[in-house]
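Rule-based calculations on the coordinates, nothing more; no lab input. In this text, all values refer to a predicted model and were calculated from it rather than measured experimentally. Cβ placement follows ideal geometry from the backbone for every residue including glycine, while neighbour counts extend to all protein chains displayed.
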Amino acid sequence: MSDWHQSSLEVDTAGRGTYDVTDRIQRVVGETGVRIGLCHVFIHHTSASLLLCENADPAVRADLEAFMQRVVPDGDPLFNHVQEGPDDMPAHVRSVLTESGVAIPVTRGALALGSWQGLYVWEHRHGAHRRRLTVTVQGSRD
Amino acid sequence: MSDWHQSSLEVDTAGRGTYDVTDRIQRVVGETGVRIGLCHVFIHHTSASLLLCENADPAVRADLEAFMQRVVPDGDPLFNHVQEGPDDMPAHVRSVLTESGVAIPVTRGALALGSWQGLYVWEHRHGAHRRRLTVTVQGSRD
Amino acid sequence: MSDWHQSSLEVDTAGRGTYDVTDRIQRVVGETGVRIGLCHVFIHHTSASLLLCENADPAVRADLEAFMQRVVPDGDPLFNHVQEGPDDMPAHVRSVLTESGVAIPVTRGALALGSWQGLYVWEHRHGAHRRRLTVTVQGSRD
């Protein structure tokens, strides 16, 4: 037997940075009763993305920001798509270099993440945004 | 109840650039009758990839090309795998930095993309190619 | 009818480099009896990742290493997260730029990879590690 569950989540960001959604996604999985399967998380935007990342030392995510800022600097004169400001096109590039969708195994009713893995929404714009996710949980209750 | 559907698509490219396949994938989803689930798109190549990207301003995709050309320039002397020309190895790197497979939620029988999200085949070689995709739609008709 | 199968694999690495797991994953798929569906592979780490890559010329993967070494050099003074050494933070960045999970279509009971596609574990640390994967195979036996 196979079950399908789908729900929406909203994540309010306060501008560029990473926002831990691991616990919220775990709660969605728990409510479905699925024991073995997959949990797919999708972000409906092209200037924010999803990140599976080390979850213990916040310096890792600060270093990731520094890396992206070096590779895709705000205000880069390379870019023509600048209508929404100097962080507009860099946000799209960062989104393309990371993930819009992430699937995580569900094992014994829980997200089977590694000990050091957390799931984050990565806001790439400097302004605050409301970001919409769809969580699809599929699998078996047996 | 869970349904599985799989079909092949061919995309003829005219060389490096992005090719919108959103409508073709949407048509495949519609024909399956799946109401809630996931649509997985896979490209069977290592020198072309898939891209979920802003779909309103073509300058975004032109800027993405410019970014990749700067980070992974054709003819980069770093590379030894040059048998098929100066765009051979850069095509593989671009493919690794982007996606070979993308899963998109299916909601109420349609691809649940954000307002500004389109799905593109990104041809990384300069020559024209026929690219093969497999679309797997899974979910429930209820 | 829909089937769900999940199993664990361990991959022992001898330090930085790519390790072909295509045949091992194919064997898991074959044992499930699933004829049409998806095989999802997940790596439970943030300093090793998964790579779908050209499988014929080893120079491709050597060139990928050279590319990453240029973009994210070991010992980069940009990074503050250096507790585990000069390859610690670069390993996290490489993991973010590539994939922690890969889904591959299953067609006629086999992984539907392109002729030149192989699946690799990419170890980003210099030291040897035991890496854990979860393989989830879902689909129909019909």
With Rh as the Kirkwood radius over Cα pairs, region A:86-142 has Rg/Rh of 1.07
From the alpha carbon gyration tensor of region B:5-142, can you work out the equivalent ellipsoid semi-axes (sqrt of 5 times each eigenvalue) and give them in Å, largest to smallest? 30, 15, 11
Crossing angle, helix C:58-71 versus chain C [Cα axis fit, 0-90 degrees, rounded to tens]: 50
From zero up to wherever the largest Cα-Cα distance of region A:57-126 sits, split into 10 Å bins and tell me the percent of pairs in each. 17, 41, 26, 13, 3, 0
Positive dipole terminus of the protein assembly as shown, leading residue within A:Val41, B:Gly30, A:Gln69 (C-beta point charges): B:Gly30
Assuming 0.36 nm per residue, please report the length gained on full extension of the stretch C:Val82 to C:Arg130 beyond their Cα-Cα distance. 15.2 nm
Whole-number percent relative contact order across region B:55-142, with pairs defined as alpha carbons under 8 Å at least 6 apart: 25
Using bins 10 angstrom wide from zero, how does P(r) for the protein assembly as shown break down, in % of all Cα pairs? 5, 23, 35, 28, 9, 0
Exam field: C:Gln83 pseudo-label spacings to other copies (7 Å along Cα-Cβ), nanometres: 4.5, 4.5
Please compute the contact order of region C:10-103 in relative form: average sequence separation of alpha-carbon pairs under 8 Å and at least six residues apart, divided by the residue count, as a percent. 39
Here FRET efficiency (C-beta to C-beta, A:Gln69 to A:Arg24, R₀ 25 Å, nearest 0.05) is 0.35
